[in-house]
Amino acid sequence: MIRNLLIATFIVLMASCSSTKPINSASGNKPTSKLTQLNKPSDTKKNDIKFLDEISSNPGLAASIPEAKTEQKTTAEPAVNRTTNTAATGDVSALKIKYAGLLGKDPDQIENVELLKSVDEWYGTKYKMGGCTKSGVDCSAFVQAVYLSAFGLAVPRTAFEQFKASSHISATEMKEGDLVFFNTTGGVSHVGIYMGNNKFAHASVARGVTVSDLFDPYYLRRFLGIGRIEKPTGTR
């Protein structure tokens, strides 16, 4: 009796086991384990960190990102410390090096040191219409001050008067110390001092006393001519 009962129980158990759906390894439907699910976020995080490391350690890659690019300055004027007056220090070598950069020359090519000293006394002074001091100066007052200091020569006060007092020459005759005239607001309204290599010193409304290029489109369009005021014997 007991034997028959055990056999019947065994048969029932076997039948229940055969009704359970087996895992079909050939179908590729493998169960997803918790370990695999936990590893995915950590793998993604690791890759993200690697990418950020590449950006910070690779300047070329960083430069390719728009936000990482720096704006380029469009001004062509050389970077010069406007607060340093090299003429005041009496250092001729430093003066030549400073203006060699501004004029596009070799320091050894610079000979008219007295003119440079006089210009440098005013370099960086802000522009002021009607001004004639170091707190503010206009273009013709700057010319007047430099001519008196460098050449011991008194010239008229306004750009128009300086134009009338000068002998008009061609560009082929132009040399350091000659005056260059422009029409900026109507008639002869702006003046500067030629410094060589197509550069001139002047009191600019935007920059104050500075050195500019005659071939700058703004000045080239407004250029009127060149004037020479005869200097005392012994001066350049």
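The values are calculated or read from the model by the stated rules, or taken from the named source; none is laboratory data. All figures in this text were calculated on a predicted structure; none of them were measured in a lab. Here the Cβ is made from the backbone with ideal geometry for all residues, glycine too, and neighbour counts use every protein chain on show.
Summary of computed values
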quantity	calculated
Verdict on LYS128 being at pLDDT below 90, surrounded by fewer than 18 Cβ atoms within 10 Å (Cβ to Cβ) and of a type in the set (Lys, Arg)	no
Residue satisfying condition, being hydroxyl-bearing (Ser, Thr, Tyr), over 32 Å from the mean Cα position of the chain (by Cα) and buried (at least 18 other Cβ atoms within 10 Å of the Cβ), within set SER166, SER170	SER166
Cβ pairs under 8 Å, 6+ apart, first in region 202-221 and on the phi < 0 side of the Ramachandran plot, second part of a strand (DSSP E or B) and of a type in the set (Asp, Glu)	TYR219/ASP213
Number of the exception - LYS128 against (1) closer than 18 Å to LYS231 by Cα; (2) touching a strand residue (DSSP E or B) at 6+ places or on another chain (Cβ under 9 Å)	(1)
In region 136-156, residue surrounded by the fewest Cβ atoms within 10 Å (Cβ to Cβ) [restricted to those that are of a type in the set (S, T, N, Q) and touching a helix residue (DSSP H, G or I) at 6+ places or on another chain (Cβ under 7 Å)]	SER149
Residues of region 90-108 that turn out to be in contact with a helix residue (DSSP H, G or I) (Cβ under 9 Å, 6 or more places away or on another chain), surrounded by fewer than 20 Cβ atoms within 10 Å (Cβ to Cβ) and touching a residue at least 60 places away in the same chain (Cβ under 8 Å), as a count	1
Filter result for the condition that a residue is assigned to a loop (DSSP other than H, G, I, E, B), in contact (Cβ under 8 Å) with a residue 40 or more places away in the chain and either closer than 14 Å to LEU103 by Cβ or in contact with a Phe, Trp or Tyr (Cβ under 9 Å, 6 or more places away or on another chain) (or both), over GLY187, GLY177, GLY227, GLY192	GLY177
